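Below: the structure, in structure tokens.
The values are calculated or read from the model by the stated rules, or taken from the named source; none is laboratory data. Everything numeric in this text was worked out from a predicted model, so none of it was measured. Cβ: placed from backbone, ideal geometry, glycine included. Neighbour counts: every protein chain shown. Surface accessibility is based on the protein's heavy atoms, side chains included, excluding ligands, DNA and RNA. Shrake-Rupley method; radii C 1.70, N 1.55, O 1.52, S 1.80 Å.
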Amino acid sequence: MLRAGPRNLITDVDGLLVGNAGDDRLRSGVTVVLGERPFVASVDVRGGAPGTRETDLLDPSCRVDRVDAICLSGGSAYGLSSTDGVMRWLRERGRGLAVGGVVVPIVPSAILFDLLNGGDKEWDWPPYRDLAYQATGASARDFALGNAGAGVGAKAGNLKGGLGSASAVDPATGLQVGALVAVNSRGYTTMGGMPQFWAWALEQNGEFGGLPPPKHGLALAVSHDRADLTHDPADAARSDPRANTTIAVVATNARLDKASAERLAMMAQDGLARSIRPVHTPQDGDTVFSIATGMHDLGNDPLALAELGTVAADCLARAVARGVYNAATLGLARGWRDVFGR
């Protein structure tokens with residue numbers, strides 16, 4: 001069994017850096033996954049209301065086979081302008097796809113909806129390209145979770161959502177897997193009214209509280225009580241079922257082509273199903289990118305990709321729980337620790 005890496009972050013995958021930039025007044029932010037060199041990537045979209053940019057080129061039938069960064073942003077469709085900030089930072093350093101005498105940075109992106117969370121959204125121009133430029137410049141192997149980057153203004157069912165990450169590595173073989181997620185789900189990440197996360201069985205080293213097993217007979221309890229979500233008419237984001245979307249990146253140092261990377265993204269979506277209920281609803285825009293840095297040879301094992309996808313899904317489920325566990329109360333969105341007193 002693979003274990004959490006030294007940071008327990010997606011940056012335990014060699015060659016990746018992550019940068020965050022957020023604004024508490026805005027209650028929104030941007031997270032950038034930056035490659036030290038271009039990487040293979042693909043994507044899988046399961047939600048019914050996605051907001052994305054440059055995802056078509058990730059199809060295995062399309063020509064571009066390397067990308068420079070992945071951008072996750074708040075701001076709904078306004079947040080798609082965050083890509084411009086990442087591209088500017090890359091272009092200034094001569095990084096991107098060479099076309100004649102110019103370079104074109106390739107930066108697929110996805111957004112979540114956080115426009116109704118009480119932050120100041122009265123901008124003239126959306127601030128996301130500036131936040132993204134700042135986030136890219138701040139990219140490093142260590143980064144904050146919870147109310148950070150794209151998770152600043154997120155909610156998760158009845159709790160404050162946030163940015164989460166987790167990893168799994170095998171020192172014996174050198175295989176590395178990691179996940180990064182901005183949790184802004186309509187569904188719940190905990191088991192009804194209990195503090196245990198749906199991802200409880202996958203926890204490593206007490207990474208989201210180290211709680212005891214859930215009470216017998218209640219493990220499948222899930223709240224569908226709309227009154228619980230609309231108790232405060234001022235909490236518009238909680239009462240509007242369209243104010244959602246969970247966006248994520250899974251990564252590995254394995255050598256994959258685009259078709260295999262697409263399968264990795266598809267399998268990794270199961271991590272959302274293991275940690276959020278309900279998920280992939282008509283109102284969510286759930287999107288998972290996959291990254292393969294190509295530093296580790298999987299060999300000719302026909303089961304290797306299936307096993308890799310399973311590990312990625314488990315990492316993503318753990319990252320979801322870590323994102324909510326580390327999120328602090330912001331406005332009317334109460335953090336897990338405040339709700340459960342832990």
Output the strands (runs of 3 or more DSSP E) that fall wholly within the stretch 1-119 and possess 3 or more residues being surrounded by 22 or more Cβ atoms within 10 Å (Cβ to Cβ) and at pLDDT 95 or above, or say none. 16-23, 28-45, 67-73, 109-111
Answer with yes or no whether Ala254 is over 21 Å from Asp12 (Cα atoms) and out of contact with any Cys (no Cβ under 8 Å at 6 or more places or on another chain). no
Residue count, the stretch 167-176 (criterion: open to solvent by less than 10 Å² (accessible area, probe 1.4 Å) and either free of Cβ contacts under 8 Å to residues at least 24 places away in the same chain or under 14 Å from the mean Cα position of the chain (by Cα) (or both)): 1
What residue, among those in the stretch 229-255 that are touching a helix residue (DSSP H, G or I) at 6+ places or on another chain (Cβ under 9 Å) and open to solvent by 20 Å² or more (accessible area, probe 1.4 Å), is modelled with the lowest pLDDT? Thr230
Taking only the stretch 129-166 into account, find how many residues are buried (at least 22 other Cβ atoms within 10 Å of the Cβ), in a strand (DSSP E or B) and among the aliphatic types (A, V, I, L, M). 4
Over the stretch 301-320, the set of residues surrounded by 24 or more Cβ atoms within 10 Å (Cβ to Cβ) and in contact with a helix residue (DSSP H, G or I) (Cβ under 6 Å, 6 or more places away or on another chain) is Gly309, Ala312, Ala313, Asp314, Leu316, Ala317, Arg318, Val320
If you take the residues of the stretch 81-105 that are within 26 Å of Gly162 (Cα to Cα) and among the hydrophobic types (A, V, I, L, M, F, W, C), which of them is nearest to the chain's Cα centre (by Cα)? Val86
Take the conditions touching a residue at least 40 places away in the same chain (Cβ under 8 Å), of a type in the set (A, V, I, L, M) and surrounded by 19 or more Cβ atoms within 10 Å (Cβ to Cβ) and apply them to Leu298. Does it pass? no
